[in-house]
Amino acid sequence: VKFGVVRFPGSCDEVDALLAAERVGDAVILWHGDRDLQGADAVIVPGGFSYGDYLRVGAIARFAPVMEEVAEFAREGGLVLGICNGFQVLCEARLLPGALLPNVTLKFIFRQVALEVTHPDSPFTRECAPGERLSIPVKHTTGCFYAPEPELDRLESEGQVLLRYAPGENPNGSLRDIAGVCNAQRNVFGLMPHPEHAVDPLTGSTDGLKLFESIRAHVADRIAV
Amino acid sequence: VRARVLVKPKAGILDPQGQAVERALPALGFTGVRNVHVGRLIELDVEDLDRLPEMCERLLTNPLIEDYEIAGLEPAVGPDSK
C-alpha cells in the first residue's frame, strides 16, 4: 500500500505523516507543483501553514496544481486524508463540508486530547471499535469546526462525523464537538488532531496508528478484489 | 478601477475576534459599544470590474462563513502599486 503525502510551501508535518505512513506501508512525498500522485493508493494532505495560510487558512493551497489531481483522485473514489491544515485545505476545496474558524479562545492550543470514534464504518476508522477513545494531540489556532445547523444535522444523520472530542475535551469550540468529518462518499476525511504525532510509544500514545492501519486495510481489501 | 472589498464574518457566525475587541473597549473607558465584528479589507486594481464578484466567491472570501461588499470604487492607483 502506497501513501502519497503532499508537500506545500509552508507544510511542516509532512515528514511525520510520511514516517507514520511508512509504519504500515510505503510512502512518498508529492510536490505541490506537480500534477502527479505517483501511483499512490491513498493521499495525505498534511498539517502546516500552506502558502503561509495567507488570506484564509487553506485558501491558496486548494488551487495548487497537485490539488487538481487530488480532487480527481477523490472523485474516482481514492482515499484522501486531511490532517489539520490539510483538513482546512480540503474544506476550502469543497471536498469536505464545513469550514474551520479561529479557536473560540483565539489562542494557539497544543495538547493531547481524548477523541471518541463515532463511526468505525469508514475506510479511516475501520480498525477502531465503536465509541473507542483515542488519545491524539491537537496543535492549531484555527480549528473550530463550523457548518450551518441543517448541514450539521445532515452530517450526523448520515454518519459523516467519524470522530468527536470526548465530553469536556473540545479544545476549540467546534460545533457539536466535531473533531473529524468525511464526505458523503466516505472516501475523503479530515480531522484537526494529528494522528501522525501519535504513532510511537516514545511520545506517549500510538492511537494515531489506527487511522493509518485502517487506510492500509481498506486499500489492501480493494487491491485483493 | 480601484476597488475595495470588505469581508466580514457572516451574520450569526461566531466571531471571537469581534467579541474580544468588544470586551477590550470598556476596559479603556469606551462604553456603549456593541455588535463589534472584525473582518478584512482587500484593495485591488481591476481591469474588468464585472469579474470581481467571481473573484470574491472563488478566492477572496469563503461564502460559507463570510459576506462581502464591494465599495470605494475610484481610479486605479497605477500599473504596479506597491
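Whether a residue is closer than 19 Å to A:Gly82 by Cα, assigned to a helix (DSSP H, G or I) and in contact with an Asp or Glu (Cβ under 7 Å, 6 or more places away or on another chain) was assessed, and A:Glu127 does not pass this test.
Taking region A:133-160 as the range and being part of a loop (DSSP other than H, G, I, E, B) and without any contact (Cβ under 8 Å) to a residue 40 or more places away in the chain as the test, the residues that pass are A:Thr141, A:Pro148, A:Glu158. Taking the listed residues B:Pro75, B:Pro26, B:Pro79, the one that is away from every other protein chain (no Cβ under 12 Å), at pLDDT 90 or above, loosely packed, with under 15 Cβ neighbours inside 10 Å and on the phi < 0 side of the Ramachandran plot is B:Pro26, with no other qualifying. Taking region A:158-182 as the search range and keeping residues that are under 18 Å from A:Asp207 (Cβ atoms) and either among the acidic types (Asp, Glu) or within 13 Å of another protein chain (Cβ to nearest Cβ) (or both), which one is surrounded by the most Cβ atoms within 10 Å (Cβ to Cβ)? Among them, the one singled out is A:Asp177. Restricting attention to region A:120-157 and to residues that are surrounded by 14 or more Cβ atoms within 10 Å (Cβ to Cβ), acidic (Asp, Glu) and away from every other protein chain (no Cβ under 14 Å), the residue that is nearest to A:Pro97 (Cα to Cα) turns out to be A:Glu156.
Annotation note: of B:Asp48, B:Asp67, the sole residue that is touching a residue at least 60 places away in the same chain (Cβ under 8 Å) and more than 10 Å from chain A (Cβ to nearest Cβ) is B:Asp67. Listed by position, the strands (runs of 3 or more DSSP E) inside region A:1-119 whose residues that are within 14 Å of chain B (Cβ to nearest Cβ) and touching a residue at least 24 places away in the same chain (Cβ under 8 Å) number at least 1 are A:99-101, A:109-117.
The values are calculated or read from the model by the stated rules, or taken from the named source; none is laboratory data. Remember, it's a predicted structure, so these values are computed and weren't measured experimentally. FYI the Cβ positions are ideal-geometry reconstructions off the backbone, even for glycines, and counts take in every protein chain you see.
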